[in-house]
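Q: Handing you this structure, nothing more for now.
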Amino acid sequence: MTNPMFEQLFEFEAGREGFYGEFGGAYIPEILHETIAELCDAFDAARKDSHFWDEYVQLMSSYSCRPTPVTFCENLTRQCGGANIYLKREDLNHTGAHKANNVMGQGLLVKRMKKKRVIAETGAGQHGVATATMAAKLGLECTIYMGAVDVARQRPNVFWMEQLGANVIAVEDGTRTLKDAINAAMRDWADSMAETHYVLGTVCGPHPFPLMVTWFQSIIGMEARKQMLDIIGQLPDQVIACVGGGSNASGIFAGFLDDAQVELIGVEAGGEGMNSGQHAARIASGQGHVGVAQGYKTYFLQDKEGQMKDTHSVSAGLDYVGVGPILAYLHSQGKVRFESATDKEVVEAFKITVKNEGVIPALESTHAIVHALKEAKEIGKGKNILVNLSGRGDKDIFTIADALKDEKWNEFLKSKVENMD
């Protein structure tokens, strides 16, 4: 069967292809127009071909643990004394995150377009590992752009990307984080578009990327909706997901867009706090402004002159300066509420989740857990909250160990360094 949630998403385009209200579009240089048009045609043909969706689902079922389960957090629920908390376990996907959904789908499109090389940007590294995995599986050349700051704090993922055969390029421009990696990937694409496809990792960038990535990620929401009905006999009262660019949130929200009784909540990176200037909360802070960058129009953290501000988050995947245009539109229509979680809250929620549920969440996903713990107490018993656990935390071991000030880990690192001398 084809994806029934996609038509609802497509209807958000208010008469202009690629626009959702005032957000979205394809603000691209002339040199990319032909390539983007080719991608639009390929995607449009694929979404209308029921066999393509079936092929996609079959690939994900045999290669990436789909459908991922929903887990009831009995201990967290008891500890909060409020609503029941459930996790949609995208951390159990192959490569450890929801990113596999999008890259494998785009990989199938690449094969349709008969291109031989893929490039990608990555922040936390999960999208990079997923893209490198897809390239290895489908026999494609692969280059990954990653900000130098993220390379340093996500070394395990860099190691695996390289082992998978990808060429990982550390980007030294700007803040040396995700937005700079995207800029570098765009420059590569402009120079190599005839044989290269850019596997954009989130629901940002020029049309058709926001819609296309949401379409592939909507498999999360389709599964989750059915699973909650099977498990508790009703839909959840709230669905909560972290939001960097917003692909995991867009994916799970897609399953509940028609359900007015389900509140959709996106959680941004609060960093050191809303008044610190060290965060990445574009909407929740009220500090984001509508602008155009990196091929699309949305809320960005920018100054009065339109220059992008520096961002900060304990999690490498949430410090992006913009937010997906579909999510921006859904917020403007009152369909999605945005909140934030600080670094300090994330570290505490991480410890609580690991020790009480035996689940090791990615720091990105833990932002959603922070808010779920708050909401569970507020909305009370008898209610149900579904959290999209978008990734697992083993990639964050250096950041987490540092935040927890784990002495044994520090001793281990010192011993490794001494042995190298």
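Every number in this text was worked out from the coordinates using simple rules, so none of it is lab data. Just so we're clear, the structure is a prediction, and the values are computed from it rather than from any experiment. Counting neighbours? That spans all protein chains shown, and the Cβs are built from the backbone with ideal geometry, glycine included.
Q: Using label points projected 7 Å from each Cα along Cα→Cβ, tell me how many nm separate ALA190 and GLU34, to one decimal.
A: 1.7
Q: Another one. Would you calculate a helix-derived [θ] at 222 nm for the chain, using -39,500 (n - 2.57) for each DSSP H run of n ≥ 4 and dividing by the full residue count, to the nearest 500?
A: Taken over the chain, the calculation gives -14500 deg cm²/dmol.
Q: Any chance you could list P(r) for the range 273-403, counting all Cα-Cα pairs in 10 angstrom bins from zero, rounded to whole %?
A: Final binned percentages: 12, 38, 34, 15, 1.
Q: What is the packing order of peptides 207-216, 390-399, taking the mean over residues of other C-beta atoms within 10 Å and listing the highest first?
A: 207-216, 390-399
Q: Less than 23 Å apart at the alpha-carbon level, and either on another chain or at least 8 residues along: which lysines does that give for LYS304?
A: Partners within reach: LYS179.
Q: How large are Rg and Dmax for the range 24-175 when only the alpha carbon atoms are used, in Å?
A: When restricted to Cα atoms, the range 24-175 yields Rg and Dmax of 18.3, 57 Å.
Q: If you don't mind, there's one more thing I want to ask. Among 88-98, 376-386, 28-38, 330-340, what's the highest-first ranking by average C-beta atoms within 10 angstrom per residue?
A: With the highest mean Cβ count within 10 Å placed first, the list reads 88-98, 330-340, 376-386, 28-38.
Q: Further question: Non-local amide H neighbours of VAL203 (under 5 Å, H modeled in plane, Pro and chain starts lacking H): which ones?
A: GLY246, SER247
Q: With just the Cα atoms of the range 75-147, tell me how far they stretch along each of the three principal axes, in Å, largest first.
A: Largest to smallest, the principal-axis extents are 54, 28, 15 Å.
Q: Expressed in nm to one decimal, what extension gain is obtained for the pair LYS309 and GLN287 from 0.36 nm per residue of sequence separation less their Cα-Cα distance?
A: Difference between extended and current length: 6.8 nm.
Q: May I ask for the Rg/Rh ratio of the chain, computed from Cα atoms with Rh as the Kirkwood radius, given to two decimals?
A: 0.94
Q: Collect residues whose amide H, placed 1.01 Å from N in the peptide plane, falls under 5 Å from the amide H of GLN302; neighbours closer than 5 in sequence don't count.
A: HIS289, LYS309
Q: Using a 10 Å cut-off on Cβ atoms, rank the peptides 156-166, 313-323 from the highest mean neighbour count down.
A: Going by the mean number of other Cβ atoms within 10 Å, highest first, we get 313-323, 156-166.
Q: Continuing with this model, one more query. Consider all pairwise Cα distances in the range 180-310 and report the whole-number % of them above 27 Å.
A: The share of Cα pairs beyond 27 Å in the range 180-310 comes to 32 percent.
Q: While we're here: Please report the orientation-averaged projected area of the range 331-410, defined via the convex hull of its C-alpha atoms, in nm².
A: One quarter of the hull surface, i.e. the mean projection, equals 6.4 nm².
Q: Check the straight Cα-Cα distances from LYS374 and name the lysines below 21 Å, setting aside those fewer than 8 residues away within the same chain.
A: LYS88, LYS335, LYS344, LYS351, LYS355, LYS383
Q: I'd like the FRET efficiency for ALA152 and LYS116, computed as 1/(1 + (r/R0)^6) with the beta carbon distance as r and R0 of 35 Å, rounded to 0.05.
A: It comes to 0.65.
Q: In straight Cα distance, which lysines are under 16 Å from LYS111, not counting same-chain residues fewer than 8 positions off?
A: Filter leaves LYS137.
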